[in-house]
Each structure stands twice: as structure tokens, then as C-alpha cells.
1. Between residues in the stretch 28-56 that are touching a residue at least 12 places away in the same chain (Cβ under 8 Å) and more than 23 Å from residue 73 (Cα to Cα) and residues that are of a type outside the set (A, V, I, L, M, F, W, C) and open to solvent by 30 Å² or more (accessible area, probe 1.4 Å), which pairs lie under 6 Å by C-beta distance while being six or more apart or on different chains?
2. Give the stretch 80-120 a look and list any residue that's touching a helix residue (DSSP H, G or I) at 6+ places or on another chain (Cβ under 9 Å), small (Gly, Ala, Ser) and more than 16 Å from residue 232 (Cβ to Cβ), or say none.
3. Mind counting the residues in the stretch 61-72 that are open to solvent by less than 50 Å² (accessible area, probe 1.4 Å), out of contact with any Phe, Trp or Tyr (no Cβ under 8 Å at 6 or more places or on another chain) and either at pLDDT below 95 or over 19 Å from residue 210 (Cα atoms) (or both)?
4. Could you please let me know if residue 139 is closer than 17 Å to residue 67 by Cα and under 15 Å from the mean Cα position of the chain (by Cα)?
5. Take the stretch 109-139 and flag every residue that is in a helix (DSSP H, G or I) and under 15 Å from residue 171 (Cα atoms).
6. Quick check on my filter: what residues within the stretch 180-225 are closer than 23 Å to residue 6 by Cα, modelled with pLDDT of 95 or more and of a type in the set (S, T, N, Q)?
7. Name the residue that is least open to solvent (accessible area, probe 1.4 Å), counting only residues in the stretch 1-18 that are under 27 Å from residue 126 (Cβ atoms) and among the acidic types (Asp, Glu).
8. Would the stretch 149-158 turn up any residue that is in contact with a His (Cβ under 7 Å, 6 or more places away or on another chain) and surrounded by fewer than 17 Cβ atoms within 10 Å (Cβ to Cβ)?
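The values are calculated or read from the model by the stated rules, or taken from the named source; none is laboratory data. Quick caveat, the model's predicted, so the values are computed rather than measured. Virtual Cβ from ideal backbone geometry, glycine too; neighbours counted across all protein chains shown. All accessible areas refer to the heavy atoms of the entire protein, side chains included, with ligands and DNA or RNA removed. Shrake-Rupley method; radii C 1.70, N 1.55, O 1.52, S 1.80 Å.
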Amino acid sequence: MGHIIEEIALSRGHEIVLKIDVENRKDIKPEDLKVGDVAIEFTAPASAIDNINLCMDAGVPLVVGTTGWYEKLEEVKKNVSDKNGSLVYASNYSVGVNMLFAMNKILAKWMNGYPDYNVEIEEVHHTQKLDSPSGTAITLADGIIENIDRKEEWQKQSINLPKPIEQELLKIVFDRKDGVPGIHKVRYTSEIDEIQISHEAFNRKGFAFGAVIAAEFIKNKKGIFTANDIFGF
């Protein structure tokens with residue numbers, strides 16, 4: 001992701017002034033970040049919170065592409081607010097996926113009146129993805145639960161360990177395969193037919209492009225923002 005983000009940022013006239021990875025992260029201090037106008041963070045769930053706090057301490061606006069840390073979202077929001085900082089977080093920065101999020105909510109509202117249809121989500125990612133289900137799948141699930149009265153919460157399930165679940169639960173089936181950037185499907189199935197909306201990423205450029213757009217958006221802003229603020233679908 002770092003290489004692709006750099007390529008897109010440079011193509012849009014930006015300058016990369018600092019690169020941080022596992023080799024130099026322990027040596028980076030808040031003052032080192034002040035050379036940049038905005039930071040973009042794509043790492044792993046275990047390191048995301050520390051990286052967010054580092055940028056807030058430096059007063060540098062941050063775009064976070066890492067998922068799997070949202071159980072600490074309220075803690076992060078408080079820190080951003082206390083530091084008068086700037087943060088964009090999103091489960092997915094792809095334009096296409098954010099269109100899928102919007103369509104998912106609309107379809108869920110329509111399907112709320114048709115209880116004969118059961119809904120489930122399926123997501124497939126590369127084997128290096130550490131969190132399961134994906135943040136994108138969770139965002140889709142939240143959009144469904146907000147709009148369908150018969151679904152109360154989601155439950156994840158590996159494609160390799162299928163099992164029945166309670167009717168009020170929304171199943172998220174996840175799979176990990178080599179070389180898959182990301183596939184997400186929402187299926188409504190009845191005895192009569194099936195309705196499906198989906199998104200498949202052919203590569204990671206869509207995620208990187210959206211992250212650079214988010215960085216352009218947040219420069220000189222204060223507060224906490226999401227992809228809805230950027231794309232507005």
C-alpha cells in the first residue's frame with residue numbers, strides 16, 4: 001500500500017517527505033512528523049492506536065486506513081478532540097466500495113418489509129489481512145442492522161467452518177486466499193430468488209487513490225471525519 005500511495009500522491013503533485021515502517025518506527029518522535037502537512041497510516045491493528053496518538057501529539061492531520069482497532073474508537077475520538085487534532089478514518093477508501101455502502105443501506109431499507117428474504121455477507125481477502133471479518137464487511141453489516149428490524153447483530157463465520165446461526169443474527173462469512181485484494185457480497189435469498197450487490201477490487205489502487213483524496217480533504221481542517229464526509233454518496 002505504501003508504494004501505491006506514494007505513486008498516486010506523486011502523480012497528483014504531492015511530495016513524500018517522510019516514510020515510516022517497521023525499521024524506523026521506534027526512532028520516530030512527534031517533532032519528526034512536523035515536516036509533513038498530512039500523514040497517511042496503513043499498518044496493522046496492533047500498531048494503529050500508537051500511530052494515531054503519535055500524529056495527534058505532533059499536530060499532524062492523519063488519514064487512517066488500518067482497520068481492526070475500532071473497539072477503541074471512542075478513546076481515539078477523545079484524544080483527537082483533546083489535542084484539537086484532525087483525523088479521517090474509514091473501513092475502506094475505495095470510491096466503488098463507498099458507493100456499495102450507500103446502495104447497501106438503500107437496499108436494506110427496501111428489504112426490511114420482506115421477511116422471507118434472509119441476508120448474509122461474504123468477504124474474501126488476501127492471506128496477509130490480519131483482521132476478520134474485514135472492516136468493510138462490518139460497515140456493510142452495520143448498514144443492514146440499522147435498517148432491517150429482524151437483524152440485531154452480526155456474527156462472523158469462516159467459510160471453512162459453516163454452521164447454522166440464529167435467525168436474528170447477520171452472518172458474515174469470511175475467506176482468505178492468496179492474491180485477492182478484496183471481494184464483498186451482500187446476498188438476500190428466499191425460496192423464490194436471490195438479490196445480490198457486490199464489489200470486487202482488481203488491485204489496491206482504488207484504496208490508495210481514496211486515501212490520497214482523503215489527505216487532500218483533511219489538510220487545514222480540524223475534527224474527526226469519515227469517508228461519508230469525503231464522498232457524500
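1. These pairs meet every condition: 37/219.
2. 85, 86, 91, 108
3. Number satisfying all stated conditions: 3.
4. Working: closer than 17 Å to residue 67 by Cα: yes; under 15 Å from the mean Cα position of the chain (by Cα): yes.
For residue 139, the condition - closer than 17 Å to residue 67 by Cα and under 15 Å from the mean Cα position of the chain (by Cα) - is met.
5. Matches in the stretch 109-139: 135, 136, 137, 138, 139.
6. Correct list: empty.
7. 6
8. To start, the set of residues in the stretch 149-158 that are in contact with a His (Cβ under 7 Å, 6 or more places away or on another chain) comprises none.
Among the residues of the stretch 149-158, not one is in contact with a His (Cβ under 7 Å, 6 or more places away or on another chain) and surrounded by fewer than 17 Cβ atoms within 10 Å (Cβ to Cβ), which makes the answer no.
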